[in-house]
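K.L.:
Below you will find the structure I want to go over with you.
Any read-out appearing in this document is the output of simple, stated calculations on the displayed coordinates, not a laboratory observation. A quick note: this is a predicted structure, and the numbers were derived from the prediction, not measured. Here the Cβ positions follow ideal geometry from the backbone for every residue, glycine too, while neighbour counts run over all protein chains shown.
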Amino acid sequence: MRVVIFGPPGAGKGTQAEWLTTHLSVPHLSTGEMLREVIAKGTAVGRAAQSYIDDGKLVPNDLVIQIVDDRLKEDDCRAGFLLDGFPRTLAQAETLNKLLDAHSEALDMVIDLAVPNEILNKRLLDRGRTDDAEDVIQKRFEVFQAETKPLLEHYDSRGLLRSVDGTGTRDEVRQRIRQLIDQHASANND
Ligand code: AMP
C-alpha cells in the first residue's frame with residue numbers, strides 16, 4: 001500500500017507511523033527524520049536545511065524533493081511506502097504524483113489525523129524536540145495552516161482522504177487507523 005500520514009505538528013504522525021509501517025510491511029519515509037539525519041551527518045544538504053527547521057519554516061522544496069525522489073527510487077519502495085511529513089505543500093503533492101506516475105504507481109490513501117489546537121500545543125511542549133520551543137511551534141502551526149492544510153482539499157477531491165479522530169491514547173488512534181486499513185484491504189480484496 002502507498003499511504004500518506006497527514007496532520008498538523010503534534011498530531012501523532014510519527015507515533016502512529018511506527019506500528020503502521022510494520023503492519024503494512026512497507027518502509028517508513030519521514031522527511032523530518034531524513035532531514036534530521038542529514039543534519040546530524042553535517043552534509044551540505046543538512047547545513048542548508050538546519051536554519052529552516054530551527055525557525056519552524058519549511059525546508060525549500062528542491063532540497064526535500066531531492067531527498068524523497070532518491071528514497072522513492074530504492075527497490076524497497078516498489079511494494080509500497082508510508083510517507084510521513086511529505087507532501088507539505090501543493091507543489092510537493094504535484095511532484096509526488098509525477099514521481100509515482102513515472103513508476104505507474106498511485107497513492108492508495110491519505111490518513112488525516114485530526115486533533116484540536118490546544119491538544120497539539122500541549123503534546124508538542126511535552127515532546128521537547130529542539131524545534132518544539134513555544135515560538136517555533138507557533139510558526140509551525142502558521143506554516144501548516146497556510147501551506148499544508150490546503151492539501152486536505154486536494155486529496156479529498158481525489159477521493160483519497162480519510163480523516164481519523166487523532167485525540168485519545170495512542171492505542172485508541174491505532175484502532176481507528178486499523179479499521180480504515182482493514183476496510184481498504186477488504187474492499188480491494190487483498
Ligand atoms: P517533522 O518531523 O515532520 O515535524 O518535520 C520537522 C521539520 O522538518 C519541519 O518543521 C520542517 O522544517 C522540515 N520538514 C519536514 N518535512 C518537510 C517537507 N515535506 N517540506 C519542507 N520541510 C519539511
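K.L.:
Over segment 53-178, what lengths in whole Å, largest first, do the semi-axes of the equivalent ellipsoid take, defined as the square roots of 5 times the eigenvalues of the alpha-carbon gyration tensor? Mind showing how you got there, number by number?
P.N.:
On the way: eigenvalues 130, 74, 41 Å².
They are 26, 19, 14 Å, listed from largest to smallest.
K.L.:
Measuring from centroid to centroid over Cα atoms, what is the spacing of segment 1-53 and segment 91-121 in Å?
P.N.:
The distance from the Cα centre of segment 1-53 to that of segment 91-121 comes to 13 Å.
K.L.:
Please state, to two decimals, what the Cα-based radius of gyration of segment 19-59 comes to when divided by 2.2 N^0.38 Å (N = residues). Write out the running numbers ahead of the final one.
P.N.:
Details: Rg = 12.7 Å, N = 41, 2.2 N^0.38 = 9.0 Å.
In units of the 2.2 N^0.38 Å rule of thumb, it is 1.40.
K.L.:
Give the relative contact order (percent, whole number) for the chain; include only Cα pairs under 8 Å separated by 6+ residues. Could you put the intermediate results ahead of the total?
P.N.:
Values: 238 pairs, mean separation 61.2, N = 190.
Relative contact order of the chain: 32 percent.
K.L.:
Also: Using the Karplus curve 6.51 cos²θ - 1.76 cosθ + 1.60 with θ = phi - 60°, work out ³J(HN,Hα) for each residue of segment 2-9 in order, rounded to whole Hz, and write x for Gly and Pro.
P.N.:
Couplings: 10, 10, 10, 9, 10, x, x, x Hz.
K.L.:
Okay, moving on. Could you work out the longest stretch of the chain that avoids the GluC sites (Glu not before Pro) located in DSSP loops with at most 16 other Cβ atoms within 10 Å? If you can, show how the numbers build up before the last one.
P.N.:
Working: sites that count: Glu74, Glu105.
Answer - 106-190.
K.L.:
Oh, and also: By what distance, in whole Å, do the Cα atoms of segment 1-95 stretch along each of the three principal axes, largest value first?
P.N.:
Rounded to whole Å, the extents work out to 35, 29, 27 Å.
K.L.:
Taking the number of other C-beta atoms within 10 Å as the exposure measure, put Asp132, Asp182 in order starting with the fewest.
P.N.:
If I rank by nearby Cβ atoms, fewest first, I get Asp182, Asp132.
K.L.:
Further question: 5 Å is the cut-off here: which amide hydrogens, built 1.01 Å from N in the peptide plane, fall below it relative to Phe6, excluding neighbours closer than 5 in sequence?
P.N.:
Residues meeting the criterion, in which the H sits 1.01 Å from N, are Ile111, Asp112, Leu113.
K.L.:
Return the whole-Å distance between the Cα centroid of segment 134-172 and the Cα centroid of segment 73-90.
P.N.:
Value for the Cα centre distance between the two parts: 17 Å.
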